[in-house]
Amino acid sequence: MHESSRENMRVFIEKYVRGGTRLLDVGSREVDGQSGSSYRGLLAGMDVEYTGCDMDPGQNVDVVLRRPYAWSELPAGSFDYVVSGQMLEHAEFPWLTLLEIHRVLRPGGICCVIAPSAGFMHNYPLDCYRYYPDGMVALAHTAHLQVLEAYTNWSYEGYPWLDPVWKDTVLIARKEKKLLRNWAAGVKRAAYHAVSPRSLGPVSRTSLNSSGPGCPPPSESRPAPSSDEAQQRDLFRRLTAGKPLNDLERFFGEEEHLPIYKCLNYFDVYDRYFSRYRGSPVTILEIGVAGGGSLQMWKNYFGPLSRVVGVDIDPECKKREEAGIEIFIGDQRDRDFWRALKAAVPRVDILLDDGGHTMEQQAVAFEEMFPHLAPDGLYLCEDLHTSYRPGYGGGYLRPGTFVERAKALVDSLNAWHSETPALRPDVYTRSIRGLHFYDGIVVVEKGSRTGPPDILRI
Ligand SMILES: C[S@@+](CC[C@H](N)C(=O)[O-])C[C@H]1O[C@@H](n2cnc3c(N)ncnc32)[C@H](O)[C@@H]1O
């Protein structure tokens, strides 16, 4: 589950959920590699009885639903809260889902439904809809739920946890009164008549809670992310008002290009370390191509002599190749892939890891590619916030996160001065000359060193 969805749910829980209650999570299964990322953990210590249900059995599923729109396993009126995240976009008939939510809620009970307003196609096995607040309100009304809140995470203002890929839409609604007599049956009958009965069958069995971590996972077909570009450009102008823009910011905010996903504070970091390479035959390799715009940005910034290389697990990204931009398709966790890449790209001056952002992915890329980097090269790992997020294998002070590894490099850097056998110079002591930490990004400056610095007194 992506982090913004958890944050939206955290806000809901803080505001509405009280103890001594029962809560149902619809579409609760944790898919591979996302252990511990469900909403269950948000209720820790709250005296709320959590039930996870899903169409598929698996981790974090207490009740397996046999039918997508008739949850006969769950009695009517049996929950104080119903929550659901990243499920509704996969449901063919979401109005029927809302009717079931209404049915299992007790009178006065509250639901919180989160679904994306944007993002690429991700078939689990279907991907049917994106949601705006008006659509959520309409669905709530179909089920006679009283809308308390309906909003979309449009910008970082108000929603600092915004995920720019998915831009979650949130519906919070209350079951106030009983449905009109036969209302639900009427809506269901209308739906059955409007569609082929076959599509109500097993095909709509779906692993419900299934969108990937914050960065787009691979997908069979990935159109360019839907863009509210004008809005984003306007926000960029407001956030950078009065700031002298560097060339990367100017390209990002003012020029035409394919989509780029970046935290605004990164541009100054890039410019500070990258400017010395401009106009030279530098090779920059970025893990994580997505929309392809960042590769265009590097080409524009470093100039025609540069070699710009992208790596992505998603074969669709190969389509972003253009003059001066090469793209290799592979998994950054795959050491064989890196072996082949190193043969094809014998020199890399700058490596920027903006790929899948899990701890394993970041570790393998660093282990494989840092030794391959030019002796005076730069290794950047960005979106380090995942080092603090369990959904990515992170956690504060958790061994093995990229942040913890980078902290350990500080010791290696200074190991010549150690007086304990526990810290001795290693390969990193000899090959790193600087480590620079910023919010969300670390820069490792490679540099050959043979011993501690000379000390002079003049
Ligand atoms: C945050 S996006 C990249 C954004 C892009 N660099 C930009 O600045 O616009 C992350 C990308 O990493 C890719 N990715 C995810 N897991 C990966 C893996 N294991 N190996 C390689 N690429 C991966 C995704 O397909 C996605 O395109």
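The table for this structure:
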read-out	value
Most positive-pole-ward Cα, Gly440, Asn8, Ile313, against dipole of the chain from beta carbon charges	Asn8
Table column - 3J(HN,Hα) (Hz), region 17-24, Karplus curve with 6.51, -1.76, 1.60, x for Gly and Pro	8, 10, x, x, 10, 10, 10, 10
Dipole of the chain, positive direction: furthest Cα of Leu148, Leu409, Tyr392, with charges on the beta-carbon	Leu148
Estimated dipole of the chain in Debye, rounded to 20 [Cβ of Lys and Arg +1, of Asp and Glu -1, Cα centre]	880
The chain: relative contact order as a whole-number percent, Cα under 8 Å and 6+ apart	11
Distance between modelled label sites at Arg237 and Arg335, nm, 7 Å Cα→Cβ extension	5.2
Built amide H within the under 5 Å cut-off of Gly52, gap 5+	Asp25, Asp62, Val63
Residue among Leu264, Gln59, Leu171 farthest towards the positive dipole end of the chain, charges placed on Cβ	Leu171
DSSP beta bridge pairing in the chain, given as percent antiparallel to the nearest 5	40
Net dipole in debye of region 3-204 [+1 Lys, Arg Cβ; -1 Asp, Glu Cβ; about Cα centre; nearest 20]	980
Fraction of beta bridges assigned by DSSP in region 229-446 that are antiparallel (%, nearest 5)	40
Radius of gyration, Dmax [region 3-204; alpha carbons; angstrom]	15.9, 46
Under 9 Å, Cβ to Cβ, from Val63 - net charge with Lys/Arg +1 and Asp/Glu -1	-3
Integer Hz, Karplus 6.51/-1.76/1.60 couplings in order for region 49-63, x for Gly and Pro	7, 9, 10, x, 10, 7, 6, 10, x, x, 4, 6, 10, 8, 10
The chain - convex hull of the alpha-carbon atoms, volume per residue in Å³	180
Vicinal HN-Hα couplings computed from phi for region 389-394 (Karplus, 6.51 cos²θ - 1.76 cosθ + 1.60; Hz; Gly/Pro x)	10, x, x, 10, x, x
Accessible area (Å², per residue) of the chain, counting only protein heavy atoms and a probe of 1.4 Å	44
Value in Å of the Kirkwood radius, where region 285-363 supplies the Cα pairs that are averaged	12.7
Percent accessible area from carbon and sulfur atoms, the chain, protein chains only, probe 1.4 Å	55
Cα-centre dipole for region 229-446 with unit charges at Cβ (Lys and Arg positive, Asp and Glu negative), debye to 20	420
Part-to-part distance (alpha-carbon centres) for region 240-271 and region 410-453, which is given in Å	31
√(5λ) per eigenvalue of the Cα gyration tensor, region 233-337, largest first, Å	25, 16, 12
Residues Val410 and Ala185, FRET efficiency given R0 of 51 Å [Cβ-Cβ distance, rounded to 0.05]	0.20
Compactness of region 229-446 as Cα Rg over 2.2 N^0.38 Å, two decimals	1.03
Mean Cβ count within 10 Å, highest first, over the residues of peptides 266-274, 281-289, 421-429	281-289, 266-274, 421-429
Lysine pairs in the chain with Cα atoms under 20 Å, if 8 or more residues apart or on separate chains	12
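The values are calculated or read from the model by the stated rules, or taken from the named source; none is laboratory data. Keep in mind it's a predicted model, so treat the numbers as computed, not measured. Cβ coordinates were reconstructed from backbone atoms using ideal geometry, including for glycine residues, and neighbour counts include every protein chain displayed. SASA here: full protein model, heavy atoms, side chains in, ligands and nucleic acids out. Shrake-Rupley method; radii C 1.70, N 1.55, O 1.52, S 1.80 Å.
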